Amino acid sequence: MIVYTADVIQLVNACVDRYKGQPNVEFGKPNMAEFFSHMVGHINKEVGSALSEQTFYKQYYIRIQGHASSEIGYSVAYLNALTQYVHGFDYLDKFPRVEHDEEIPEFPWTHPSFPATPAVRFTHEDYTNIWVKDEGQNPCGIHKDRKAHEIYLYYVKLIRESMENQEHLQLPRLSLITSGFAGLSIQYRLRAAGLPSLNVLLDESVSDHLVKLLVDSRAEVHRHDLRSKELSSDDVKRLTENENGIDITRANELPDLSGRYYDWLCYEILNLNPDVVIVPYGSGELYRNLLEIHARELKSKHNSRRYFGDRSVLRNCHFIGARADKKVPNSMLTSLVSFYDVVKPEEISTIQNATYCGNLTEVYEIEEDPVLFKATVKEAQKQNIRTCPSGIAGLILLKQQEKVWNLPRDAKIVVVNTGTIREELFAKKKI
C-alpha cells in the first residue's frame, strides 16, 4: 500500500507524544533505542499487535525523518497498530487514500489542489448569503482552463501508451468551434507543452481583436458563417483543413474525455451545499456534468471521495443555467452564444426528470440589457472578481428573475463566475 510520508511522520509523532504522557516516562532516557523499545512494548500490549522494536525505531523513526519522496510503502498491519494506539481505529479511517487516478488532483497544473479555485462571499444588497465560485482565478482566467488541461492529459495518455507499446505515434490535430475564449485557453496549454496547435473555427461575427489574439497564440484560425446551419464533425474538420484529425466540439469523437472536462469543478460546487446554483450555460457541458454528477452521487451507495455534499440540502437544490439568445446581434454575452448544441435540450430534460432537485431547475435565457450587464460587471470587479458579462451571467440572471423566483433572502446562492481571458498571456512575445 502506498501512503504519504507526511502522514506517517504525523502518526509516529502522535504515538511518541501519547507514550510520553504515560506516568514515569521520560523521552530519550536512558537512550533513544531503549525508549522506543519500551514504547513499542507498550503499544503491542495495549492494542494486541506484534510490532518489531528495531523495525519501528530504524524504519519508522530514523529513516522516515529524511525521506525525500512524498510517497512511501509501509505495512498495513504496522500502520493499523499505530492508529489504533493513538486514535482507536485503523489507518485508512484516519488517513484515507484515493484508489483511482481520477481522484488525485492534477489541476491547476502549477499547484494541483482541491478545491482548485475559491468560493468568495459576495456582498449584495438584496441577498445575504451569495457566494461566487471564482473560476477567474485559473491560469488563463477562465473555467475553460480545466477543459484545456484534460485535453493536455489526453495527449499525455496517447504518448505514454505509444511508448509502452513501442509504437510510432503521430499526434492528431484537434479542431474546435469556439467563440474565442476556449480556443485561447486550450491553445495556451498545448503550446506550453509543445503539443500540436489547435485548429479553431470561428463565426464571422467574432471580433477582430479575438481573432488577432488567437493568431498571435499561433492557433490555426478559420472563419465561417456558423449561424447558417449546424455543422457535423466532418464539416468542422473539413473547414479547419484537418480531415485526419479529431473534432472536440462535441463528445461524439472523444466521449470519455468530455465527461471529465468539469468533473472536479462540479464536485467543488456541490461540496458547498448550496440551495441554488446558477451556472453560465454556453455549450451546456458544465451544466450537464453538474446535473449528472449530482444525480450519480445522490443515488450511489459508494460516493466518490471527492464528494462531501449534504444530500438533505442538495436534493432540494435549484440547478439553474443562464443562457444567451444567439439571435441577438452584437450581444455582450459573446461567450454564452453557442453555434451548436453540445448538449441537446431533451438530454437536459431527461437528467432533470431522473434527479432530485428544486423546482426552479431549468435553463433560462437572459434578456439583453447592456446597462445591467455593465453595472453587474462593475459590481463584481469592485469585489476583486475578474469577469465579463458572460462570466458573471448567473448574477445577471438572478437580478432579472428576482421577482419571479422569489428566493429567500438568506438562501445560499452559489453563482459560478466562469471568468474572462487574461489577454496579456497571448501577446506574440509571450508565447
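The values are calculated or read from the model by the stated rules, or taken from the named source; none is laboratory data. All values derive from a computational prediction rather than experimental measurement. Every residue, glycine as well, gets a Cβ built from its backbone with ideal geometry; the counts of neighbours run over all protein chains shown. Side chains are part of the model used for accessible areas, which takes the heavy atoms of the whole protein and leaves out ligands, DNA and RNA. Shrake-Rupley method; radii C 1.70, N 1.55, O 1.52, S 1.80 Å.
Can you tell me which of Gly141, Gly180 is modelled with pLDDT of 95 or more and crowded, with 18+ Cβ neighbours inside 10 Å?
Gly141
Taking Ser185, is it open to solvent by 10 Å² or more (accessible area, probe 1.4 Å) and small (Gly, Ala, Ser)? First the steps, then the outcome.
Values: open to solvent by 10 Å² or more (accessible area, probe 1.4 Å): no; small (Gly, Ala, Ser): yes.
Taking the combined requirement at face value, the residue does not satisfy it.
May I ask you to list pairs of residues, at least six apart or on different chains, whose Cβ atoms are under 7 Å apart, with the first in segment 291-312 being more than 20 Å from Lys412 (Cα to Cα) and the second being open to solvent by 70 Å² or more (accessible area, probe 1.4 Å) and in a loop (DSSP other than H, G, I, E, B)?
Arg305/Pro96
Can you pull out the residues in segment 376-425 that are more than 24 Å from the chain's Cα centre (by Cα) and on the phi > 0 side of the Ramachandran plot?
Asn406
Looking only at helices (runs of 4 or more DSSP H) that lie completely in segment 366-431, which have at least 2 residues being buried (at least 18 other Cβ atoms within 10 Å of the Cβ) and among the aliphatic types (A, V, I, L, M)? Reasoning before the result, please.
Numbers: elements: 370-382, 393-400, 402-405.
Answer list for segment 366-431: 370-382, 393-400.
If you go through segment 247-254 one residue at a time, do you hit one that is touching a Gly at 6+ places or on another chain (Cβ under 6 Å), open to solvent by 20 Å² or more (accessible area, probe 1.4 Å) and either part of a loop (DSSP other than H, G, I, E, B) or modelled with pLDDT under 80 (or both)?
Within segment 247-254, the first condition is being touching a Gly at 6+ places or on another chain (Cβ under 6 Å), and the residues that meet it are none.
No - not one qualifying residue is present in segment 247-254.
If I filter segment 51-94 down to residues being aromatic (Phe, Trp, Tyr) and at pLDDT 75 or above, which single residue comes out as most open to solvent (accessible area, probe 1.4 Å)? Give the derivation first.
Of segment 51-94, the ones aromatic (Phe, Trp, Tyr) are 56-57, 60-61, 74, 78, 85, 89, 91.
Applying the additional criterion that residues be at pLDDT 75 or above yields 56-57, 60-61, 78, 85, 89, 91.
On the way: Phe56: 0, Tyr57: 54, Tyr60: 6, Tyr61: 47, Tyr78: 39, Tyr85: 5, Phe89: 80, Tyr91: 2 Å².
Ranking the candidates gives Phe89 first.
Hey, can you tell me all the residues within segment 217-243 that are open to solvent by 20 Å² or more (accessible area, probe 1.4 Å) and touching a helix residue (DSSP H, G or I) at 6+ places or on another chain (Cβ under 8 Å)?
Matches in segment 217-243: Arg218, Val221, His222, Arg223, His224, Glu243.
For segment 285-303, give me each residue that is of a type outside the set (Phe, Trp, Tyr) and under 14 Å from the mean Cα position of the chain (by Cα). So that I can check it myself, show each step before the final result.
Step one: filter segment 285-303 for residues of a type outside the set (Phe, Trp, Tyr), giving 285-286, 288-303.
Residues satisfying the conditions are Glu285, Leu286, Asn289, Leu290, Ile293.
Just give me the residues in segment 190-200 being open to solvent by less than 60 Å² (accessible area, probe 1.4 Å) and either part of a loop (DSSP other than H, G, I, E, B) or without any contact (Cβ under 8 Å) to a residue 40 or more places away in the chain (or both), in sequence order. Steps first, answer last, please.
Of segment 190-200, the ones open to solvent by less than 60 Å² (accessible area, probe 1.4 Å) are 190, 193, 195-200.
If the condition is that a residue be open to solvent by less than 60 Å² (accessible area, probe 1.4 Å) and either part of a loop (DSSP other than H, G, I, E, B) or without any contact (Cβ under 8 Å) to a residue 40 or more places away in the chain (or both), then Ala193, Leu195, Pro196, Ser197, Leu198 are the ones that fit.
Taking the options Asp126, Asp203, name whichever one is touching a residue at least 60 places away in the same chain (Cβ under 8 Å) and either touching a His at 6+ places or on another chain (Cβ under 6 Å) or open to solvent by less than 20 Å² (accessible area, probe 1.4 Å) (or both).
Numbers: Asp126 fails: either touching a His at 6+ places or on another chain (Cβ under 6 Å) or open to solvent by less than 20 Å² (accessible area, probe 1.4 Å) (or both).
So the residue among Asp126, Asp203 that is touching a residue at least 60 places away in the same chain (Cβ under 8 Å) and either touching a His at 6+ places or on another chain (Cβ under 6 Å) or open to solvent by less than 20 Å² (accessible area, probe 1.4 Å) (or both) is Asp203.
Considering only residues that are open to solvent by 10 Å² or more (accessible area, probe 1.4 Å) and not hydroxyl-bearing (Ser, Thr, Tyr), which ones fall in segment 206-216?
Our first condition is that a residue be open to solvent by 10 Å² or more (accessible area, probe 1.4 Å); within segment 206-216, this holds for 206-213, 215-216.
Result: Val206, Asp208, His209, Leu210, Val211, Lys212, Leu213, Val215, Asp216.
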